[in-house]
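Here is the structure we will look at, set down as C-alpha cells.
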Amino acid sequence: MRIDVISLFPAMFAGVLGESMLKIAQDQGAVAVHVHDLRDYTLDPHRKVDDRPYGGGPGMVLAPDPVFRAYEAIAPLGPPGARRFLLSPGGRRLDQAFARELATAPGLLLVCGHYEGFDERIRRGLPLEELSIGDYVLTGGEIPAMVVLDAVIRLLPGVVGDPASVIEESFSDGRLDCPHYTRPRAYRGMEVPEVLLSGDHARIEAWRHEQALLRTRELRRDLLEARPAPDPSGDPS
Ligand SMILES: C[S@@+](CC[C@H](N)C(=O)[O-])C[C@H]1O[C@@H](n2cnc3c(N)ncnc32)[C@H](O)[C@@H]1O
C-alpha cells in the first residue's frame, strides 16, 4: 500500500514512522509512506500557506491554492482507487470497521489541516472524503493522520506476526478483548486464573470468550447492544 500525507509539520511523523510496527511494515515493503510538506506547494515568497478569515474572527485559515497545488501534484502519484481524505473533526469517525475498510484500499492520501482549518473551497473543490478520529478538536491533522496510519498499517497482511492477534482483539467481533496474563503466576496477592494453567485448550477458549463478554458488559455495554441479534434458526453463520 502507498500512503501520502500532506502536512505543515512533516517532521512530526519521523518518530511514529521510525519505530515499532510502522517501521517494520515499511522495512518489509508492506507499506510506503510519503510525507509531503505543504509549504513546498505555495507560491508565496515567505512560504505562507494561511491567511486571515474573511468576515473577521480569531485564527488563520489554510488558503486554497497551496492545498489545491499539493493535491494536484501528489494525488497522481498514488495508485488508481486510492482513498483520499481531509482530516476534519466533522468527518466520518474512525473505528475498527472503518480502519479495516481502509486497509483494503490500494492507497491513501491524508491532508492535514491546521489553525482554524481549511478554506471551504478546499472541501467544495477537491474530491476528498472527510475523516475524524473522534469528537474533540486537536491543534492539527498530524496526530489524527498518525492514528490512521497506525490503525490501518497494523491490519495490512503480514504486518502483525500472528494474524490471530488482529482477529481476536477488541472491536473485531463487536466486543472487547479478554484479559491476558504473563509471569509471574502470583503478583502482589493476585493469582493467574487456574484455567490458564490447565493446558486444556477448549476450556481456555471458553473462558476467554466468556471473559471477553463479561468485560464488554462491564465497560462497553453499547457494543453488545449494537451486535446483530442471533439467528433464530440457530444457524451460527
Ligand atoms: C484546530 S482544528 C480546526 C477546528 C475547526 N475550526 C472546527 O472547529 O471544526 C485544525 C485541524 O486539525 C485537524 N483536526 C482537529 N481535530 C481533529 C479530529 N478530531 N479529527 C480529525 N482531524 C482533526 C483538522 O485537520 C483541522 O483542520
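Since every read-out is calculated from the coordinates, none of them should be taken as a lab result. This one's a predicted model, so the numbers in the text were calculated from it and none came from an experiment. Note: ideal-geometry Cβ built from the backbone for every residue, glycine included; neighbour counts use all protein chains shown.
Can you give me the relative contact order of the range 2-153 as a percent, contacts being Cα pairs under 8 Å and 6 or more apart? Don't skip to the end; give the middle numbers.
Values: 254 pairs, mean separation 44.8, N = 152.
Worked out over the range 2-153, it gives 29 percent.
Relative to the present Cα-Cα distance, how much length would full extension add between A186 and R215 at 0.36 nm per residue of separation?
That works out to 8.3 nm of additional length.
I'd like to know which of I24, P79, L43 lies farthest towards the positive end of the charge dipole of the chain, counting +1 on Cβ of Lys and Arg and -1 on Cβ of Asp and Glu.
It is L43.
Whole Å is fine, so just give me how far the alpha carbon centre of the range 129-180 lies from that of the range 90-104.
9
Determine, for each peptide in 160-166, 117-123, the mean count of other beta carbons within 10 angstrom over its residues, then list the peptides with the highest first.
Averaged packing, sorted descending, gives the order 117-123, 160-166.
For the chain, with only Lys/Arg (+1) and Asp/Glu (-1) charged at the beta-carbon, what is the dipole magnitude about the Cα centre, in debye rounded to 20?
So the dipole magnitude of the chain works out to roughly 220 debye.
Can you run phi through the Karplus equation (6.51, -1.76, 1.60; θ = phi - 60°) for the range 157-174 and list ³J(HN,Hα) in whole Hz, with x for Gly and Pro?
Here the 3J(HN,Hα) series is x, x, 6, 8, x, 9, x, 4, 4, 7, 7, 8, 7, 3, 6, 6, 10, x Hz.
Give me the percent of DSSP beta bridges within the range 2-153 that run antiparallel, rounded to the nearest 5.
Here the antiparallel bridges make up roughly 10 percent for the range 2-153.
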